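The values are calculated or read from the model by the stated rules, or taken from the named source; none is laboratory data. Keep in mind that this is a model prediction, so the values were computed, not measured. Cβ placement follows ideal geometry from the backbone for every residue including glycine, while neighbour counts extend to all protein chains displayed. What goes into the accessible areas is simple: the full protein's heavy atoms, side chains included, and nothing from ligands, DNA or RNA. Shrake-Rupley method; radii C 1.70, N 1.55, O 1.52, S 1.80 Å.
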Amino acid sequence: MKQEFRNEDAVLDIQDKPSGVKWLGLSLQHLFTMFGATVLVPILVGINPGIALFSSGLGTLVYLFVTKGKIPAYLGSSFAFIAAMQMLMKDAGYPAIALGAITTGAVYLIVSMIVKRAGSAWLDKLLPPIVVGPVVMVIGLGLAANAANQAMFENLGTPEQIYNVKYIAVALITLILTIIFNMYLKGFMGLIPILLGIVCGYIVALLFGIVDVEPIKEAAWFALPSFQVPYVTYTPKLYLTAILTMAPIAFVTMTEHIGHLMVLNKLTKRNFYENPGLHKTLMGDGLAQIVAGLVGGPPVTSYGENIGVLAITRVHSVFVIGGAAALAMVLAFVGKLTALIQSIPGPVIGGISFILFGVIASSGLKILIDNKIDFNLKRNLLIASVILVVGIGGLTFQAGPVALSGMALATLFGIILNLVLPQQAKSEAE
């Protein structure tokens, strides 16, 4: 009987199940990490944050089920669809968004069937280490501005946005404390440095007077999420605009999906493209999006923030991810707890994100080092340079409702350059 592979570098490997309090603490760490981004999307679109939290947990459980519990990935509200959802919400309301989410999920399912027939060997040719490394770096560094802005600005993203020195102080204190927790704590406490950083950062933010506690006081203990179920709360209609607007974006989020799998492959020392198979991961993501649309949430996608937690803690257990998903679903019904986590100010999340996003970028650098990529070769230098600047710079190509930007466009450029450039420049061959 073939022995199951075990990653000895992991504190808890994928199938390891923590016990009791440790399990709760590790799952809470993932919950707190993804919460801010997951509820921000519905707030910007006009969807109830509670149902978005519920659908993220449910979508994650669906994903874990489809991938046979082999991939430790958390799925939260996708930012890629925000502009399209805002337009649809304004013109037709949530039923149009639901149709769009179901459509994007269907696109994933179709692509997954194609991949199942064609296999995933072609990925090795399209995405060698010289492309993968810089793309993974872009995943982390492309989010760097978000972390910095959260650390600097009050009322971020509004006309009242202003630079706030208190925010900088709270972010830096949170960052320093999290670094200390990472470096000096041992045992169980050493496994939850991100959770401890968020809790301590929140206390610091309270002392600085930048936490609004009124919503916590006003929130009810029990709050039923605003479920939107077809034929129960509304009658579905055909919205061509929703289909034409959101379906093309699915190909952008697929690029993100594949990029996150690259990072997870490296962290866990596995090849998820082969086992359980890229078709399974795409199917899991697609079904999660459909389920989210059927209950009232926005489309979901895998989260880089949670991958950062996996990298820092070396806890890769799917049971921890599943626990976070279950907690998210329960929390969606507890108004005060939802309000408490929702009150975590931007600089606390920003301070944590300096580490989380940086660790992802460093993972990309490690891919280049481990594969001994020779940057004396002009070919490698050019591919990496274009990917990094296009991705981090946020270059955007837009044609009608379809827009490629950041990581998606950088990956496309990297793939093309890798396929067309010769192994050596003429000047090097002389």
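Things worth noting here:
- From most to least packed by mean Cβ count within 10 Å, the peptides 140-148, 282-290, 9-17, 35-43 give 282-290, 35-43, 140-148, 9-17.
- Protein accessible area in the chain, 1.4 Å probe - carbon and sulfur %: 67
- Cα gyration tensor category, rounded, prolate or oblate, for region 282-346 with a/c compared to 1.5: oblate
- Region 349-430 - accessible surface per residue (Å², probe 1.4 Å): 54
- Residue pairs, from the table 17/372; 22/125; 166/269; 70/378; 237/266; 17/280, whose Cα atoms sit over 32 Å apart: 17/372; 22/125; 166/269; 70/378; 237/266
- Prolate/oblate/rounded call for the chain, Cα gyration tensor, a/c under 1.5 rounded: rounded
- Additional length obtainable on full extension of the chain from residue 113 to residue 148, 0.36 nm per residue less Cα span: 8.6 nm
- Sum of -39500 (n - 2.57) over DSSP H runs of 4+, divided by residues of the chain (222 nm, nearest 500): -21500 deg cm²/dmol
- Simple spin-label estimate for residue 121 and residue 375 in nanometres, 7 Å along Cα-Cβ: 3.4
- Value of Rg to Rh for region 152-195 (Rh from inverse mean 1/r over Cα pairs, i.e. Kirkwood): 1.22
- Loop trypsin sites (Lys or Arg not before Pro), region 185-266 (other Cβ atoms within 10 Å of the site Cβ: 13 or fewer; DSSP): 186, 237
- When the surface is traced with a 1.4 Å probe over the full set of protein chains, residue 163 keeps roughly 130 Å² accessible.
- Alpha-carbon gyration tensor eigenvalues x 5, square-rooted, for region 45-160, Å: 29, 23, 15
- P(r), alpha carbons of region 331-398 - 10 Å bins starting at zero, rounded %: 15, 28, 25, 18, 11, 3
- DSSP-loop trypsin sites (Lys or Arg not before Pro) across region 344-410, with at most 12 other Cβ within 10 angstrom: 372
- Descending semi-axes in Å of region 121-193, equivalent ellipsoid built from Cα gyration tensor: 32, 24, 8
- Between residue 188 and residue 82, the C-beta separation translates, for a Förster distance of 25 Å, into a calculated FRET efficiency of about 0.10.
- Relative contact order (%) - criterion: Cα under 8 Å, at least six apart; region: the chain: 35
- Between the alpha-carbon centres of region 307-352 and region 363-423 there is a gap of 32 Å.
- Two-site FRET efficiency, residue 234 against residue 43, from Cβ-Cβ distance with R₀ of 25 Å, rounded to 0.05: 0.70
- Accessible area per residue in Å² at 1.4 Å probe, computed on region 137-229: 56
- Reciprocal mean inverse distance between Cα atoms of region 152-272 - Kirkwood radius, Å: 19.8
- The length gained on full extension between residue 8 and residue 274, counted as 0.36 nm times the residue separation minus their Cα-Cα distance, comes to 93.7 nm.
- As a rough guide to protection, the peptides 353-359, 210-216, 274-280 ranked by mean Cβ packing within 10 Å, highest first, stand as 353-359, 274-280, 210-216.
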